[in-house]
Amino acid sequence: MKRRDFITLLGGAAAAWLVARAQQSERMRYIGYFSGRSPEAEAPIRVPFLKALEELGFAAGRNFAIEYRFAEGDDERLPMLAAELVRRQVAMLVATDRPSASAAKAATATIPIVFTSGFDPVRLGLVASFNRPGGNATGVSLLTGDLGPKRLGLLRELLPKQSTIAFVVSAHSGATPYQIQEMQAAAQVVGQPLLVVSAGTEEEVDKAFAIMAERNVVAILYGAALFFQVISERLVALAAHYRIPALYEWREFVTAGGLMSYSTDRNEVGREAGIYAGRILKGEKPADLPVVQSSRFEFVINLKTAKALDLDLPLHLLQHADEVIE
């Protein structure tokens, strides 16, 4: 083969390779996935989300890629993270908590958004209605923000009725005023003494436990807060140190050594979000996809922790648990 022919052949091959790479880049769509949690705290939602996408034919690195952003419990960073992802011209935003969903909605009116939110998405302005979302957002409603009274009832089944229960909330969560109002109303109805304690930093958490020990609270109930999920192991360790029973928002607190949790099943939530993300990648519009309402709840008890706290759990409480960790 002549040198000129070889160079021509080589140049044609290179051009073909570049065209193929360009076509591959065109097919590769980018999802902007962001959360107020840490990467570790996000895993219970992220893992089933990715699995659902894979089942629909979307494999990370093959026909889509994800740009991850995590606020590590600092809600104030979320608008900046949303704006950053919008500037990168992602094909979709996935926002897996209430503050992230609000930040995504404020950042764009055109990029499709799949959210998961523990509060009413209509009241938050994310969608027009559950059945007809309209606009560019849809997702999964967890309704965890309305579970406070149920959690209070579970604690009251375990402890003396007239003893003080602490309700610990995050000072930096926009949902805190609503949660306090809801919990105080529920406690007043049943005559339950309630101590509201606010903690938005690790130093404030340490002070909160000192206050609760001084006030002789018999149990702790946590409000919904991304910050608490980021420092879950620290909260569990402090409860063990002060020997105060606690009921947490999510199962992961209990597997880490906490006493009890009651909430929605995050595996189901992540899966439903992944299914909607896949359907949108295939061409469906968020406006046409009704908001999914999470219907599965789980009550988890750590029996080993109960024994360490010298708690005699009522039989009916154990029978109603979806999972008992021994």
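The values are calculated or read from the model by the stated rules, or taken from the named source; none is laboratory data. These numbers come from a predicted model, not from an experiment. All Cβ positions, even for glycine, are placed from backbone atoms using ideal geometry, and neighbour counts span all protein chains on display. SASA here: full protein model, heavy atoms, side chains in, ligands and nucleic acids out. Shrake-Rupley method; radii C 1.70, N 1.55, O 1.52, S 1.80 Å.
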Can you tell me the dipole magnitude for the stretch 45-135 around its Cα centre, using point charges on the Cβ only (Lys, Arg +1; Asp, Glu -1), in Debye to the nearest 20?
260
I'd like to know which of Ser163, Gly32, Val90 lies farthest towards the positive end of the charge dipole of the chain, counting +1 on Cβ of Lys and Arg and -1 on Cβ of Asp and Glu.
Val90
Keeping all protein chains in position, work out how much accessible area Glu233 exposes to a 1.4 Å probe, and write it in Å² to the nearest 10.
140
Note to self, the chain gives a 222 nm [θ] from helices alone (DSSP H runs n ≥ 4, -39500 (n - 2.57) apiece, / all residues, nearest 500) of -14000 deg cm²/dmol
So if each residue of separation counts as 0.36 nm, and I subtract the Cα-Cα distance between His241 and Arg296, what length gain in nm does that give?
16.5 nm
Going by accessible area, probe 1.4 Å, with all protein chains left in place, what is the ranking of Ile325, Ile231, largest first?
Ile325, Ile231
Distances longer than 29 Å among the Cα atoms of the stretch 85-234: what percent of all pairs is that?
29
Find the Rg to Rh ratio for the stretch 37-101, where Rh is the Kirkwood radius over alpha-carbon pairs and Rg uses the same atoms.
0.97
Cα axis of helix 39-55 to longest principal axis of the chain: angle in degrees, 0 to 90, nearest 10?
50
At 1.4 Å probe size, with no ligands or nucleic acids counted, give the accessible surface of Val196 in Å², nearest ten.
50
Net charge around Asp206, counting only other residues with Cβ within less than 14 Å of its Cβ (Lys, Arg = +1; Asp, Glu = -1)?
-2
Which order do Asp97, Asp75, Asp322 take by accessible area at a 1.4 Å probe, largest first?
Asp322, Asp75, Asp97
Rounded to the nearest 10 degrees, what's the angle between the helix 232-242 long axis and the longest principal axis of the chain, both from Cα atoms, 0 to 90?
20
For the stretch 263-299, which GluC sites (Glu not before Pro) are in a loop by DSSP, counting at most 16 other Cβ atoms within 10 Å?
Glu284
Calculated from backbone phi, Karplus (6.51, -1.76, 1.60) coupling profile of the stretch 219-226 in Hz, x at Gly/Pro:
6, 10, 10, 9, x, 6, 7, 4
If you take every DSSP beta bridge fully contained in the stretch 226-326, what fraction is antiparallel? Give it as a percent rounded to 5.
50
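If we count every other residue with Cβ under 14 angstrom of Leu195's Cβ, Lys/Arg +1 and Asp/Glu -1, where does the sum land?
Result for the neighbourhood of Leu195: +1.
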In debye to the nearest 20, the charge dipole size for the stretch 114-233, taken about the Cα centre with +1 at each Lys and Arg Cβ and -1 at each Asp and Glu Cβ, equals 460
Principal axes first, then extents: for the Cα atoms of the stretch 194-308, list largest minus smallest coordinate on each axis, whole Å, largest first.
58, 29, 23
Magnitude of the charge dipole, the chain, Cβ model with Lys/Arg +1 and Asp/Glu -1, debye to 20
1340
Using all Cα-Cα distances in the chain, what percent lands in each 10 angstrom bin from 0 up to the longest?
6, 24, 29, 19, 11, 5, 3, 2, 1, 0
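What number, in nm² with one decimal, is the all-direction average of the projected area of the convex hull of the alpha-carbon atoms of the stretch 25-146?
7.6
For the stretch 36-100, state which GluC sites (Glu not before Pro) are in a DSSP loop and have at most 13 other beta carbons lying within 10 Å of their beta carbon.
Counting only loop positions with at most 13 other Cβ atoms within 10 Å, none of the GluC sites (Glu not before Pro) in the stretch 36-100 qualifies.
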Exposure of Thr201 as accessible area (Å², to 10), given a probe of 1.4 Å and all protein chains
60
For Pro99, the net charge from surrounding residues (Cβ-Cβ under 12 Å; K, R +1; D, E -1) works out to 0
